[in-house]
Amino acid sequence: MSTQDALVSDARHFSHPPESLDASRRALAETISRWTVETPLLETAVSGLVLARFSAPTEPKCDVYEPSLCLVAQGAKRALLEGEEFIYDANHY
């Protein structure tokens, strides 16, 4: 099975919404975990779709990103922009 076929198969798991948003997040985190066992960043066969998983805080770095949609499946992320801190977690986007 190709990577793209497997991702489509995993996506079908989300086609019928689970009972709660928490269950959806857990399912998404488990799917990302399965695909990122070998590497924390996986560029998929779907153009522009990257899966990322880090289990510990990372060092701050400067970067410029194209506008994008980021989903936080588990944990929290912190971004700094011109000295202003933004926290992203399950309840804050």
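A few points about this structure:
- Of the residues K61, K77, the one with the largest accessible area comes first in the ranking K61, K77, computed with a 1.4 Å probe on protein heavy atoms.
- For the stretch 51-66, Karplus couplings with θ = phi - 60° (6.51, -1.76, 1.60), whole Hz, Gly/Pro x: 9, 10, 8, 10, 9, 8, x, 9, 5, x, 8, 8, 7, 10, 10, 5
- Separation of the V37 and A90 label points, Cα + 7 Å toward Cβ, nm: 2.5
- Annotation: V64 carries an accessible surface of approximately 130 Å², with a 1.4 Å probe and no ligand, DNA or RNA atoms counted.
The values are calculated or read from the model by the stated rules, or taken from the named source; none is laboratory data. Please read all numbers here as calculations on a predicted model, not as lab measurements. Using ideal geometry, Cβ is built from the backbone for each residue, glycine included, and neighbour counts are taken over all protein chains shown. Ligands, DNA and RNA are excluded from the accessible area calculation, which covers all protein heavy atoms including side chains. Shrake-Rupley method; radii C 1.70, N 1.55, O 1.52, S 1.80 Å.
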